[in-house]
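So the structure is just underneath, and the comments pick up after that.
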Amino acid sequence: MENKNFVCRCIYQTVAVVFVSAVIGVCINSVRSDRVPLIGDWSVKSQMTLDTGENIEISVHDARQLCLDGKAIVLDARSPEDYQAGHIDCAVNLPWVSFDEYFQNISEKLPEDKTIITYCDGETCNLSKELAMMLTDLGFKDVKVLVNGWSVWVQNQFPTETGGKEGIES
Amino acid sequence: MIKKRIIIAMRIALGIVFVYASIDKIIHPAAFAEAIFNYQILPDQLINITAVVLPCLELCAGVCLIFGKWIPGSLFIIALLLLIFMSALIFNLARGLNIHCGCFSTSVQTIEGSSMILTVLRDCIFLATALFLLFNCYSESRNELKTEG
């Protein structure tokens, strides 16, 4: 009997705390200036669209063609360990987590007239987008993101390399 | 008497931890929504509503524990949240997803992995505390009923 009483009290209190929390949360969100929509759009297309409305996503085939034509610089935003384990053949490593350190070495060698393509691994990986946004903020005009870049490149059996040092020379 | 004081101290400490943990999430809901997205566990439609409600749930449960109201329910919520959080961490560690960027990486098994394991261990301690306090609540409620009977 006492078990039942305790469980009932526990359930009643849990429901009450959840209800009060939901009401407080929704109320706080509705009055704040930086409110988030209760149902957000987390699709890849939405995430690759800038505030200006420009879509910065590039297809793997376009990226491959630009790479072959020498019209693009491909930047691998993953860690040096991931880069050395395997990367797109024409890519250089610019790890987003160590951006300041690595960017100093390659900034002067990044051509402003070429397309810059960033990539990482995983459809939800935000390293490539963060890197692309930073480069756009720094004044680079044509920056694109190859979403889920490493995986789609490998799936298409395009050439890859292993090893190599980070930096534009590699 | 000392046991009772220790239990009250543990309860208040757990409450403070949850109130503290909720504040940053309440201040930055968009960043928290992105963190939830990076876990890749919830459907997209539930990410924002979770980012809005979950920190308040932590806050309310923490405040209840600090002030000694609705203790069993708050402890149950906290234990459940810790279990869900730990399961999500272990699941992502197992599939090699770095929850800091939502990306697949070999380093998850090394550097990121060790920090995730430490987080899981920390949560284990909080979970053990919550379950101990919940069991203590149950014992107290049973003793009260026996005394009344």
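The values are calculated or read from the model by the stated rules, or taken from the named source; none is laboratory data. Note that the structure is predicted; figures quoted are calculated from it, not measured. So basically every Cβ, Gly included, is an ideal-geometry build from the backbone, and we count neighbours across all protein chains shown. The accessibility values were calculated without ligands, DNA or RNA, using every heavy atom of the protein model including side chains. Shrake-Rupley method; radii C 1.70, N 1.55, O 1.52, S 1.80 Å.
Ordered from highest to lowest accessible area with the whole protein assembly present and a 1.4 Å probe, A:32, B:142, A:78, B:5 read as B:5, B:142, A:32, A:78. Measuring only protein heavy atoms, the 1.4 Å probe finds residue A:38 accessible over about 60 Å². Straight-line cross-link reach from residue B:69 at under 25 Å between alpha-carbon atoms covers these lysines, not counting any fewer than eight positions away in the same chain: A:4, B:3, B:4, B:25, B:146. Peptide B:58-67 has a mean shielding of 2, counted as Cβ atoms of other protein chains within 10 Å of each residue's Cβ. Lys-Lys pairs in region A:44-161 that are eight or more residues apart or on separate chains and whose Cα atoms lie under 19 Å of each other come to 13. Take each residue of peptide A:6-17, count the partner chain Cβ atoms within 10 Å of its Cβ, and average: the result is 6. GNM, chain B, Cα, under 10 Å: largest mean-square fluctuation among B:37, B:91, B:18? The residue that fluctuates most here is B:91. Placing +1 on the Cβ of every Lys and Arg and -1 on the Cβ of every Asp and Glu, with no other charges, gives region A:42-170 a dipole of roughly 280 debye about its Cα centre.
Taking every residue in A:79-85 and counting other chain Cβ atoms within 10 Å of its Cβ, the average works out to 4. At the residue level, residue A:12 shows approximately 140 square angstrom of accessible surface with a 1.4 angstrom probe and all protein chains present. Heavy-atom surface analysis with a 1.4 Å probe gives chain B a carbon and sulfur content of 72 percent of its accessible area.
Between A:97, A:147, A:20, the Gaussian network model of chain A with springs among Cα atoms under 10 angstrom shows the greatest mean-square fluctuation at A:20. Full extension of the chain between residue A:71 and residue A:107 yields a length gain of 11.2 nm, computed as 0.36 nm times the residue separation minus the alpha carbon distance. Per residue, the accessible area of region B:2-148 comes to 51 Å² when a 1.4 Å probe rolls over the protein heavy atoms.
Apolar share of the accessible surface for chain A: 53 percent from carbon plus sulfur atoms, 1.4 Å probe. A 1.4 Å probe run over chain A, with the rest of the protein chains in place, finds 54 Å² accessible per residue. Computed over the protein assembly as shown, the alpha-carbon pair-distance distribution with 20 angstrom bins reads 28, 45, 22, 5, 0, each value a whole percent.
Against chain B, whose longest principal axis comes from its Cα atoms, helix B:29-39 is set at around 70 degrees.
With a point put 7 Å past each Cα toward its Cβ, work out how far residue B:115 is from residue B:142 in nm, to one decimal. Here the answer is 4.3 nm between the modelled labels. Buried surface for the B/A pair, taken as the accessible area of each chain alone minus that of the pair with a 1.4 Å probe, is close to 3400 Å² in total.
Ranked from largest, the principal axis spans of the Cα set of chain B equal 59, 30, 23 Å. Seen against the Cα atoms of chain B and their longest principal axis, helix B:111-148 is set at about 20 degrees. How many angstrom lie between the Cα centre of region A:102-157 and the Cα centre of region B:28-53? After rounding, the separation between the Cα centres reads 25 Å. Helix-only estimate, please: 222 nm mean residue ellipticity of chain A, summing -39500 (n - 2.57) across DSSP H runs of length 4 or more and dividing by its residues, to the nearest 500. After summing the helix terms and dividing by residue count, I get -13000 deg cm²/dmol.
Working from the Cα coordinates of region A:39-170, the gyration tensor eigenvalues give, after taking √(5λ), semi-axes of 21, 17, 15 Å in decreasing order.
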